[in-house]
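Participant: Mind having a look at this structure? Questions to follow.
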Amino acid sequence: MQYRQDKHGEKLSILGFGCMRFPKKGAGIDMAETERELLAEVEAGVNYFDTAYIYPGSEAAVGEIFEKNGLRERVHIATKLPQYLVGSRAALDRYFNEELLRLRTDYVDYYLMHHLTDLAMWEKLKAVGVLEWIAEKKSSGAIRNIGFSYHGNTDNFLKILEDYDWDICQIQYNYFDELTQAGADGLRAAAAKGVPVVIMEPLRGGKLVNMLPEKASAILRESPRGWSAAEWSFRWLYNQSEVTVVLSGMNSMEMLLENCRTASEAGVGDFTEADHETLRAVAAEIRARDRVGCTGCRYCMPCPKGVDIPGAFRCYNAMFIESKTAGRFQYAQTVGLTKEPAFATQCIGCGRCEQHCPQSLPIREKLKEADRALRPLPYKIGINVARKFMFRKAKS
Ligand code: SF4
Ligand code: SF4
């Protein structure tokens, strides 16, 4: 296992374990199998374990297994505040204390504001007193590092990054999504500020392994490197010095061993130009199924009406590359659940964006098509209800 450092010089394994889904037994977690996996990871040198309040049963399982095996001091636990449920200062304590109980510990190594999508969410937390609360928890040692996990666009990521002296952040990033969400610009900006970056979705939810088009798989097979599809994805990330930890939800011993081997071999600067070209060709094959040929370059941005143009097209394309539900879910998440929504329907047809698009896309027409597909009536209703709840007035 190789290690990179956090902001305070702590060594973090470059491969972290994403504890969102543990093996199942009936309706619950298979504790025996989960324990076997966690112990194997610790044995292999993994020391970063990422869970969250809302991952069903996860915090309790992690807490029980680490306590039972006396491993708490050997591992770093990252967990997350369900900030979308927080409407008052009292709620901060309530959720945090419950998490400590579940985790059977009196401190959290990395505590992240879960799922921020724009600056307004962070502002809402500040309005209920989160800054003072963090200062108290850090000074008592109950929280060692504070951070956020992120799912909005690049601009909002940069605003949140600049707004506070974060110890860590977590973003979605992989070779196919290099320009989406926080993206490469966000990654580099965080690293330039000395903020370690934890990567989630390195395999795009497994799709860069299980759902590659045949032509894309053939490109990888024909490469003299001989790497598996997963290995290509991890190595692309480890090649970047700005990446600190890459999370993987390893749910088989075989996967665990392969990922640990990659994490012990891969290094910064290993990728040759030919390797980059291979992944560009793979990404192009995946994109060949796109409904809109948007590269995510963002030359069309900003839109004066706040439309997230590349965001809408990415989600629309995801409906065809992944599934209808995946695209619609991503649209609701990244475009609909920000304080200032960025729906395609906000377009007034000024045409400014089209003058800057290197792909000469008929952006106005495609935005209408995308919104119709991405937001059928039940989704519209669901997003409105969620918005009312999330952006209700905070209690002091
Ligand atoms: S045409 Fe629509 S999407 Fe493009 S810049 Fe104008 S308002 Fe924004
Ligand atoms: S300029 Fe064109 S290709 Fe680039 S992000 Fe905008 S719509 Fe997509």
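The values are calculated or read from the model by the stated rules, or taken from the named source; none is laboratory data. Keep in mind the model is a prediction, meaning the values are calculated, not measured. Counting neighbours? That spans all protein chains shown, and the Cβs are built from the backbone with ideal geometry, glycine included.
Participant: Within region 355-365, track down each residue that is near ligand 2 (Cβ under 8 Å from one of its atoms) and part of a helix (DSSP H, G or I).
Facilitator: His356, Ile363
Participant: Right, another one. Taking Val292, is it within 16 Å of ligand 2 (Cβ to nearest atom), closer than 21 Å to Arg364 by Cβ, β-branched (Val, Ile, Thr) and touching a Phe, Trp or Tyr at 6+ places or on another chain (Cβ under 6 Å)?
Facilitator: So Val292 passes the test.
Participant: If you don't mind, there's one more thing I want to ask. Hey, could you check region 283-309 for residues that are within 16 Å of ligand 1 (Cβ to nearest atom) and either small (Gly, Ala, Ser) or within 30 Å of Ala40 (Cα to Cα) (or both) and say which is modelled with the lowest pLDDT?
Facilitator: Gly296
Participant: Has region 206-229 got at least one residue that is among the hydroxyl-bearing types (Ser, Thr, Tyr), in contact with a helix residue (DSSP H, G or I) (Cβ under 8 Å, 6 or more places away or on another chain) and in contact (Cβ under 8 Å) with a residue 60 or more places away in the chain?
Facilitator: No - not one qualifying residue is present in region 206-229.
Participant: Could you figure out which of (1) surrounded by fewer than 17 Cβ atoms within 10 Å (Cβ to Cβ); (2) away from ligand 2 (no atom under 16 Å from the Cβ) isn't true of Thr338?
Facilitator: (1)
Participant: Pairs needed: first member in region 239-262, of a type in the set (D, E, K, R); second member anywhere, assigned to a loop (DSSP other than H, G, I, E, B); C-beta distance under 7 Å; at least 6 residues apart or different chains.
Facilitator: Qualifying pairs under 7 Å: Glu258/Ser228.
Participant: Next question, about the same structure. Confirm whether Leu179 is farther than 26 Å from Pro341 by Cβ and either hydrophobic (A, V, I, L, M, F, W, C) or modelled with pLDDT under 95 (or both).
Facilitator: no
Participant: Need the failing condition index for Arg280 against (1) buried (at least 17 other Cβ atoms within 10 Å of the Cβ); (2) at pLDDT 90 or above, just the number.
Facilitator: That leaves (1) as the condition not met.
Participant: To continue, here is another question. In region 311-319, is there at least one residue being loosely packed, with under 14 Cβ neighbours inside 10 Å, away from ligand 1 (no atom under 16 Å from the Cβ) and closer than 17 Å to Leu203 by Cα?
Facilitator: No, there is no match, as no residue in region 311-319 is loosely packed, with under 14 Cβ neighbours inside 10 Å, away from ligand 1 (no atom under 16 Å from the Cβ) and closer than 17 Å to Leu203 by Cα.
Participant: Search region 352-364 for residues that are in contact (Cβ under 8 Å) with a residue 60 or more places away in the chain and farther than 12 Å from Pro302 by Cα and pair each with any residue that is polar (S, T, N, Q) and near ligand 2 (Cβ under 6 Å from one of its atoms) when their beta-carbon atoms are under 9 Å apart and the residues are at least 6 apart or on different chains.
Facilitator: What qualifies is Pro358/Thr295; Gln359/Thr295.
Participant: Restricted to region 366-387, and to residues that are touching a residue at least 40 places away in the same chain (Cβ under 8 Å) and aliphatic (A, V, I, L, M), which residue is nearest to ligand 2 (Cβ to nearest atom)?
Facilitator: Residue satisfying both the conditions and the ranking: Leu367.
Participant: Can I ask one more? Would you pick out the residues in region 18-62 that are at pLDDT below 95, surrounded by 24 or more Cβ atoms within 10 Å (Cβ to Cβ) and among the aromatic types (Phe, Trp, Tyr)?
Facilitator: If the condition is that a residue be at pLDDT below 95, surrounded by 24 or more Cβ atoms within 10 Å (Cβ to Cβ) and among the aromatic types (Phe, Trp, Tyr), then Phe22 is the only one that fits.
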